[in-house]
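S.K.: Right, I'll just put the structure down here and ask away after.
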Amino acid sequence: MRGEITFALAVALTAGVCEAAEPEVRPVARIAFTEGPTVDADGNVYFTETESERILKFTPGKGVTTFRENSNGANGLIFDEQWRLIACEGGAKPRVTRTDLKTGKIEVLAGGPPVVRPNDVTLDGKGRIYFTDYAGKAIYRIDRDGKLTRILAAPAIEVPNGIVISPDDKTLYHVESNSAEGGARMIRAYDLAPDGSVSNMRVHYNFYPGRSADGMSIDVKGNIYAAAGLNQRRGTSETLDTKAGIHVISPEGKLLKYYPISEDTITNCAFGGPDMKSLYVTAGKTLFEIRTEIEGTRR
């Protein structure tokens, strides 16, 4: 493993701007094109491989196995409070599903139309599900009774990607990842009301003209860990101003730390481990692990 990829040490972006980050960024598995990590109660990391349409399972110390073939274009994943696996499936039959790991039963929670291409997913403290529709340019909420509600849509948003909710359930964040010239490349923040509606949009962090974030996670203090940037340009108007890695952004929108990732294209991240201080990062064909100072959440 060590001979296949260069270890990248986390360093400060600019003196005086963010603190030095000492933990190494450690590759733990190499696959093809990885996405959407989430971690179960036993510390196993589930993540998607988009080229072969599989959901994979990484068990620390044991390696990678296939959890599900023919994933129907699964991308973002998350475990609910009952440890059922929720998946955004953007394939031939676009839908959001929930899998009971004990029985293997797959339940469809939402499907198209109107859903076009589910991309990423999060939960609030009431167990409600929120997901982005990348191609449909919308964000939906699924209530506990199964009701589907569209809470944001174009032209108010452009290309919704990653999504996460603050630990206090008061703020919803989502990523805009429009690679077109002049497109929104930012994290938007909204006030999240008790009924699950949103208001008061503001730009929480702007990545333009670089590549925006893709997915993100959040720690117990409300800091966002955004998987963003490029090491090499990819034929779009996105520049290299945003360096590829995990950008740690405070609730006030200030960059606190940066963990560089040497491999394109960085896509998403999720907390796990016994102390919830292992951040698992998907990028290109590799699953990385970063040890963090602050405990993460499962959102």
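S.K.: Show me, for the stretch 174-189, the HN-Hα J-couplings you get by feeding each phi into the Karplus relation (A = 6.51, B = -1.76, C = 1.60, θ = phi - 60°), rounded to Hz, glycine and proline as x.
M.R.: Working through the residues one at a time gives 9, 8, 9, 10, 7, 7, 5, 4, x, x, 5, 9, 7, 9, 8, 10 Hz.
S.K.: What is the Cα radius of gyration of the stretch 24-83 over 2.2 N^0.38 Å, N being its residue count? Present the calculation step by step, with values, prior to reporting the outcome.
M.R.: On the way: Rg = 11.3 Å, N = 60, 2.2 N^0.38 = 10.4 Å.
Computed over Cα atoms of the stretch 24-83, the ratio equals 1.08.
S.K.: What does the charge count around Asn268 come to, taking other residues whose C-beta lies under 11 Å from its C-beta (Lys +1, Arg +1, Asp -1, Glu -1)? Before the final figure, lay out the partial values.
M.R.: On the way: positive: none; negative: Glu35, Asp120, Asp214.
Net of charged neighbours comes to -3.
S.K.: Using a simple charge model, +1 on the beta-carbon of Lys and Arg, -1 on the beta-carbon of Asp and Glu, nothing else, what dipole does the chain show about its Cα centre, in debye to the nearest 20?
M.R.: Working: 37 positive and 39 negative charges, 78 e Å.
I would put it at about 380 debye.
S.K.: Taking +1 at the Cβ of each Lys and Arg and -1 at the Cβ of each Asp and Glu, which of Phe271, Pro60, Tyr140 sits farthest along the dipole of the chain towards its positive end, judged by Cα position relative to the Cα centre?
M.R.: With unit charges placed on the Cβ atoms, the residue in question is Tyr140.
S.K.: I'd like the distance separating the alpha-carbon centroids of the stretch 247-293 and the stretch 44-122, in whole Å.
M.R.: The two parts, judged by their Cα centres, are 20 Å apart.
S.K.: Moving on to the next point. Per the Kirkwood treatment, what hydrodynamic radius in Å, one decimal, follows for the chain from the mean inverse distance over all distinct Cα pairs? Show your work: numbers first, answer last.
M.R.: On the way: mean 1/r = 0.0532 Å⁻¹.
Averaging 1/r across every pair of different Cα atoms and inverting gives 18.8 Å.
S.K.: Starting at the first residue of the stretch 199-215, write each ³J(HN,Hα) from the Karplus equation 6.51 cos²θ - 1.76 cosθ + 1.60 with θ = phi - 60°, in whole Hz, x for Gly and Pro.
M.R.: So the Karplus estimates, Gly and Pro as x, are 7, 6, 5, 9, 7, 7, 7, 10, 9, 4, x, x, 6, 6, 5, 10, x Hz.
S.K.: Hey, if you drop one equal point scatterer on each alpha-carbon of the stretch 52-191 and run the Debye formula without solvent, what base-10 log of I(q)/I(0) do you get at q = 0.09, 0.16, 0.20, 0.21 Å⁻¹?
M.R.: At q = 0.09, 0.16, 0.20, 0.21 Å⁻¹ the computed log10 ratios are -0.27, -0.85, -1.23, -1.32.
S.K.: How much of the DSSP bridge set in the stretch 207-299 is antiparallel, in percent, rounded to the nearest 5?
M.R.: Details: 27 of 29 bridges.
Looking only at bridges with both residues in the stretch 207-299, the antiparallel portion is about 95 percent.
S.K.: Where the centre of each part is set by its Cα atoms, how far does the stretch 148-170 sit from the stretch 180-245, in angstrom?
M.R.: 12
S.K.: Read phi for every residue in the stretch 247-254 and hand back ³J(HN,Hα) as whole Hz from Karplus 6.51 cos²θ - 1.76 cosθ + 1.60, θ = phi - 60°, with x for Gly and Pro.
M.R.: 9, 8, 10, 6, x, 8, x, 9
S.K.: Could you point to the residue in Asn223, Asn72, Pro167 farthest towards the positive end of the chain's charge dipole, with +1 and -1 charges on the Cβ of Lys/Arg and Asp/Glu respectively?
M.R.: The listed residue farthest towards the positive side: Asn72.
Here, each number is a calculation from the coordinates, and none is a lab measurement. As the structure is a prediction and not an experimental result, all values here were calculated from the model. Methodologically, a virtual Cβ is constructed for each residue, glycine included, from the backbone with ideal geometry; neighbour enumeration extends over all protein chains shown.
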